[in-house]
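Here's the structure, in structure tokens; my notes come after.
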Amino acid sequence: MKLTASIRKRFRVSNKVKKVAPKDRYRLCIFRSAKNISAQIIDDSKNITLLSASSVEKDIKSITKTNKTELSKIVAEKIAKKANEKKINKVFLDRGIYKYHGRVKAFAETLRKHGMDF
């Protein structure tokens with residue numbers, strides 16, 4: 001089976017993060033679509049998802065209409081709050097196939113403001 005360029009790029013970025021990740025850090029994986037954004041904090045040693053947040057959740061969706069960048073900041077605040085409750089503050093950012101630009105950059109900067117270290 002021949003892999004597409006986007007799938008190869010996703011594997012390349014994710015595998016680089018997994019190789020250099022020490023055991024005390026988790027992986028923060030971002031997925032963004034045309035309208036929504038979601039993120040997960042993943043423990044690769046146990047292959048489980050510890051936390052997740054998405055813009056399709058009811059409490060975030062009920063917020064009045066905002067642009068997509070503001071929506072990504074709201075999701076970042078929510079996942080940072082959940083991570084602080086579980087005492088997770090060190091992660092690796094797995095941006096996937098997306099450039100560190102626009103919504104992904106706004107997401108990452110909001111996480112840094114709320115105490116996440118990556």
Screening ILE42, ILE37, ILE60, ILE48 for residues that are closer than 18 Å to TYR100 by Cα and not hydroxyl-bearing (Ser, Thr, Tyr) leaves only ILE37
Restricting attention to region 1-11, and to residues there that are surrounded by fewer than 11 Cβ atoms within 10 Å (Cβ to Cβ) and assigned to a helix (DSSP H, G or I), which single residue is nearest to the chain's Cα centre (by Cα)?
SER6
Looking at region 87-111, which of its residues are farther than 24 Å from ASN15 by Cβ and modelled with pLDDT of 95 or more?
ALA106, GLU109, THR110
Residue in region 20-27 that is in a strand (DSSP E or B), within 16 Å of the chain's Cα centre (by Cα) and surrounded by 10 or more Cβ atoms within 10 Å (Cβ to Cβ) present
yes
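Residue by residue through region 56-68, note down the ones that are part of a loop (DSSP other than H, G, I, E, B), surrounded by 10 or more Cβ atoms within 10 Å (Cβ to Cβ) and of a type in the set (Val, Ile, Thr).
Within region 56-68, the subset part of a loop (DSSP other than H, G, I, E, B) is 56-57, 62-67.
From what is left, the residues that are surrounded by 10 or more Cβ atoms within 10 Å (Cβ to Cβ) are 56-57, 63, 66.
Across region 56-68, the qualifying residues are VAL56, ILE63, THR66.
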For region 97-114, which residues satisfy the criterion of being surrounded by fewer than 18 Cβ atoms within 10 Å (Cβ to Cβ) and either part of a helix (DSSP H, G or I) or touching a residue at least 40 places away in the same chain (Cβ under 8 Å) (or both)?
ILE97, LYS105, GLU109, ARG112, LYS113
Which ones in region 69-96 are surrounded by fewer than 16 Cβ atoms within 10 Å (Cβ to Cβ) and basic (Lys, Arg)?
LYS81, LYS82, LYS86, LYS87, LYS90
Quick test for you: out of LYS46, LYS35, pick the one residue that is in a loop (DSSP other than H, G, I, E, B), touching a Lys or Arg at 6+ places or on another chain (Cβ under 8 Å) and exposed (fewer than 12 other Cβ atoms within 10 Å of the Cβ).
LYS35
Starting from region 60-72, take each residue that is farther than 18 Å from THR110 by Cα and basic (Lys, Arg) and list its partners that are surrounded by fewer than 11 Cβ atoms within 10 Å (Cβ to Cβ) and modelled with pLDDT under 85, counting only C-beta distances under 7 angstrom and pairs at least six apart or across chains.
none
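The values are calculated or read from the model by the stated rules, or taken from the named source; none is laboratory data. Since we're looking at a predicted model, the values are computed, not measured. Methodologically, a virtual Cβ is constructed for each residue, glycine included, from the backbone with ideal geometry; neighbour enumeration extends over all protein chains shown.
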